[in-house]
Structures are given as C-alpha cells and as structure tokens.
Amino acid sequence: MTKLNNVIASSFRDPSGSVFSLDGCVYRRVNDAYKQNYDHLMESGLYRSLVDAGLLIDHEEVQVDCVHAQQAYKVLRPRQLSFISYPYEWCFSQLKIAAMTSLKIQKVAIDFGMSLKDASAYNIQFVRGRPVLIDTLSFEKYRQGQPWVAYRQFCQHFLAPLVLMSYTDIHLNQLLRIYIDGVPLDLASRLAPFRTWFKFGVLAHIHLHAKSQQKFADKGTKAASHRISRLAFAGLTNSLETAVKKLSWKPKGTEWGQYYDQTNYCPAAMEHKRQLVAELLEKIRPAVVWDLGANTGLFSSIAAEKGAQTISFDIDPAAVEKNYLQCTKRGENSILPLLLDLTNPSPGIGWQNAERMSFMARGPADTVLALALIHHLAISNNLPFDRIADFFARICDSLIIEFVPKSDSQVQRLLSTREDIFANYDQQAFEKAFCSYFAVKSRTKIRGSARTLYFMTRK
Amino acid sequence: MRIIVIVVAVVLAFAGELYAGMAYGANGSVNATGALAYIDPGVGSMIFQVLIAGVVASGFVIKIFWARIRSFFSRLFARGTKQESEQ
C-alpha cells in the first residue's frame, strides 16, 4: 500500500537521490546513478570513519513501501533531526565551525579516495551542539587530476559571508537569506573593505576569484581540460582552512551584549523568576522548548537542565554569539542558539518558497518561553496584543510569558523616546487578548518587581 | 615574500581584465552585465582554482616540510633531555 508521502523540497535538484518523509519520518532515497559512489562510501571505511568522528549523520538501510522508494538503489533512514536551522540564523562562530567541519570532512574523504561534490552550508546541521554533515550523498569518487567541484560553492556559502561578517558588518550573514546559493563573490569583493586585499586568503579566494569569474563569465570551456595535482588539491583545502581559521569576530557595542547587567531586576527578583520558570518547566516536562528573546540563554539553560531540546532565539548577533560560545565551553548540547528577528522571522525561501522552511513552519514547540519580551513586541513594534497572542498560539502548545507593565522602568525606557500611543497596554487588555487563544493556568507576581509570570496552554 | 610573488603573478594574469574593468567603470561586475541569465561564474571559478591551487601547493609543501623539520628537532631534543635525566 502506498502511504502518504512527501518529497522534501530542498532535495529535488540532486540526481544522486532525494529526501522524502513518510509517517513523520525522513528517508533518503539513493538512485542507481549514485550506486558506485554510495558503495565506495560504505565499503572504503569513509562512512564509518566520519560517523565515528561525529562528522556525518549515521543511517540505516531500510525497506519501505512507498512510491518514492520504488526502483531506488537503496533507501536510508538517517538519524532523525528535531530541528533544522539555516546559515542565516547562525552566529559567526557557528558558521565558522560549520565551514571548518566541511573542510575537515573533505580532508578525510580524500584519504579514502573521495571528495565532496557539494559544500553547501545547508548540508551542515547542529546535532546535539555539534556541526554534522547531513547529506550522505555529498561524496563522489576522487579522480586523479580533477579540480574540487565544490570550490566555488564553499567560497560563496562559507568564506564570503564569514569575511563580510568579520571585516564589514556582522549583520551581512543576512545576505544568505537573499542569495540561496551563497553570497555572489563579486558582491562580497565589493563589500569587503580595502584592507582585505592584503589578507592572502581573502585576496585569493574572494577578490581574485571574483575577478576570474568576471573574466571568464562568457567564455565556454571544457571542465575536463582543467586538471590539478593531488598535492595542489590538498593545498587548496589547506589554504581555505587557513583563510577561515584567521577570521574572527568579537561582539562589542551591540544593544544587548550586557543585558543581564542592565536589567531592573534585583538579585532576589531574578532568583524568584528563575525558580518560577524552573517549577513550571518541571511540571510541563516539555520535549522541545523555544526560548524567544533568549539573550545569552540564562533561561534556556534551565529548560535544558529539565531535559528539553531548547532553541534559544535572539535578535542580537552578539547575544547569540555569547550564548553559543558559553554552550560550547560548558559542553551544553541541548541548547541551539539561533539568530531571529521575531517581527520578521525567517521566511520560506528558494523554489516555490519551499526549499528552506519558514520559522513558523518548523513549529510548533511544546513550550515557548517569552520572558521580558512582550513590551518589545507591543511597544517597540506597535503590535496589538491579539496579534501577539495569535502568533504564540501558532507556534506552541504551552506558553510561559512574562507581563511587563507600563510602570516598569524598562518600559519607561522604551517610552522615553516615543510618544505613548499605547493606551491599551495594561495587564487586563493583555489577559483578555490571550484568553481568546490560551487558557491561563497560573499567574504569579515576581517578587521585588512589578511583573507577572503567566503559564498558559493553548485552547 | 610569497604574497608579493602571488600578487605580481595574479595581477599579470588579470592585467587585461583590470584594464577592461577600468573601461567598464563601476558597472563592470558579472551581475551588472547584460545577459545575466547566460553567465556562468563556474567557468572562471574552475580556471582560477587551477591557478591558485598551483600557487598554494608550494606553500603547502613548505608547511609540511617545516612541520617535519620541527618534529625531527623536537624529537632529537626530547631524546637528549631524556638521556640527560637518566644520567
């Protein structure tokens, strides 16, 4: 019997195979065209070596009864991922470690007589805190003399955005949201400051590379006529690795970097809030928590302690960077910090707006934490309470939300620079709007503050 | 030194292009030219890769060689220290 099935829109380009979902499980189909490469991957020891090193997603070969599995060479059931994130949601260090991982995989692959035919940033996912290649069909047998076919893709997906984030502006990773196949190198070359012409890696792989693309853009040439030695092939990987390694970014001057030092909470109020959130999470026991406006992840770590897979979203690249570096340092693997502007969250992009999922399409989460967030949505962004409630009802089953009244000094700070047109911004209006979508299970005043913590479940 | 050599080599290789770029003015980029849909940046990438891979390979050889020299001397030194401590 053919069951309900669905080919995943990000995989239709690859002639080697495709990805489909069946009964909530994701499978990878291997086509006959990829048979030799797949067999080599499995039999050469490359697969085992990469999986053991935590660099490649593991899978099992399975038999499934589905139209997309028909006439397949193999059907694989990879380890299932709970959340897919995209490079335009990663902080600097996440993109950098994803780039280094791709190059590490390429180096291991060469030792086993294979090479990456794709170096797409979308093929890397953070699985329990570590970057892992999820596209098992990314490898091809290395033929002596062949250039690295994914060289341009690596430069566009990894090196160019990293260079721009490091040298020009941290927000330029958002170019990846516009250019689905990575930042065009001529654009990167023009945006990168003059001093990058004196950095060998950037000069070679971005500036001169872009010039070369421009020079040969309309000149036909046979790929087979270009050959590089094995040594040059290794040298190229090494040069890219050095170029990436040298790039750095230190958070400074962004708006939320020292947020926890600037809140109006006295230590006792903060402690009470932590205790309340911990008690609620203990009661709910959610498997997946989205912490919205997470800053550097103080409350995300409480969710992680309670065993939840936690996605820690914030709008500020500095906060996400700090959060990620802290998680790495602590060996915290249940938290994934990501960059997200809630008022303009990641859209569905690519062919038919479906190759990369929107933020909302990746939900709902079991529980959403919205702590010290409501005033930013309602006052800074003029969003009416009922729209905010509607939004939360679409992305979670239960909600832990903090109401911050007008009398609060942080709200007063927001109002000091704008006209107070928010006559309806009070606790009563807040409750009324949220009660249309949620059932309020508890409301507790946070001691030593004017704020209230609500626990609600979706109606 | 290596960087100077590379810059000179690549500037020579692209001299014609740089000249053409000046004639184009600011609009001489790939994306700004007319027939965008028919332009394949992959060709230039492939040709450039062959060129740059050759250049970086020499540096790579030196790097490997240097690491070997260092490890040889560090082993020699370590052995010397060990013998001294045994005496």
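The values are calculated or read from the model by the stated rules, or taken from the named source; none is laboratory data. Small disclaimer: the values here were computed from a predicted structure and weren't measured. Neighbour counts run over all protein chains shown; Cβ positions are idealised from the backbone, glycine included.
Scanning segment A:1-21 for residues that are in a loop (DSSP other than H, G, I, E, B) and at pLDDT below 75 turns up A:Met1, A:Thr2, A:Lys3, A:Leu4.
In segment A:400-411, the residues that are among the aromatic types (Phe, Trp, Tyr) form Cβ pairs under 7 Å with partners that are surrounded by 17 or more Cβ atoms within 10 Å (Cβ to Cβ), at six or more places apart or across chains, as follows: A:Phe403/A:Ile374; A:Phe403/A:Phe430; A:Phe403/A:Arg451; A:Phe403/A:Thr452; A:Phe403/A:Tyr454.
Every listed requirement among (1) surrounded by 14 or more Cβ atoms within 10 Å (Cβ to Cβ); (2) farther than 20 Å from A:Ile315 by Cβ is met by A:Gln428 save one, (1).
Can you say whether A:Leu22 is surrounded by fewer than 21 Cβ atoms within 10 Å (Cβ to Cβ) and farther than 20 Å from A:Tyr122 by Cβ, as far as the supplied structure shows? So A:Leu22 fits the description; yes.
Which condition does A:Pro251 not pass, out of (1) farther than 21 Å from A:Val411 by Cα; (2) surrounded by 15 or more Cβ atoms within 10 Å (Cβ to Cβ); (3) modelled with pLDDT of 95 or more, if it passes all the others? Here A:Pro251 clears every test but (3). Of the helices (runs of 4 or more DSSP H) entirely within segment A:351-459, those holding at least 1 residues that are modelled with pLDDT of 95 or more occupy A:385-395, A:427-435.
The set of residues in segment A:153-185 being within 14 Å of another protein chain (Cβ to nearest Cβ) and surrounded by fewer than 24 Cβ atoms within 10 Å (Cβ to Cβ) consists of A:Gln153, A:Leu175, A:Ile178, A:Tyr179, A:Asp181, A:Pro184. Taking the listed residues A:Lys215, A:Lys222, the one that is modelled with pLDDT under 95, over 27 Å from the mean Cα position of the chain (by Cα) and facing another protein chain (nearest Cβ under 9 Å) is A:Lys215, with no other qualifying.
Any chance segment B:18-28 includes a residue that's of a type in the set (A, V, I, L, M) and modelled with pLDDT of 50 or more? First the steps, then the outcome.
Taking segment B:18-28 first, the residues of a type in the set (A, V, I, L, M) are B:18, B:20, B:22-23, B:26.
Narrowing the set further to residues that are modelled with pLDDT of 50 or more leaves none.
No, every residue in segment B:18-28 fails to be of a type in the set (A, V, I, L, M) and modelled with pLDDT of 50 or more.
I need a count of the residues in segment A:396-415 that are polar (S, T, N, Q) and surrounded by 20 or more Cβ atoms within 10 Å (Cβ to Cβ). Quick ask: steps written out before the conclusion?
First, the residues of segment A:396-415 that are polar (S, T, N, Q): A:398, A:407, A:409-410, A:412.
Then drop every residue that is not surrounded by 20 or more Cβ atoms within 10 Å (Cβ to Cβ), which leaves A:398.
Qualifying residue count for the region: 1.
Against the list (1) within 27 Å of A:Ala318 (Cα to Cα); (2) surrounded by fewer than 24 Cβ atoms within 10 Å (Cβ to Cβ); (3) not aromatic (Phe, Trp, Tyr), the condition A:His207 fails is (1).
Residues that are aliphatic (A, V, I, L, M) and either exposed (fewer than 15 other Cβ atoms within 10 Å of the Cβ) or farther than 21 Å from A:Tyr454 by Cα (or both) do occur in segment A:361-381.
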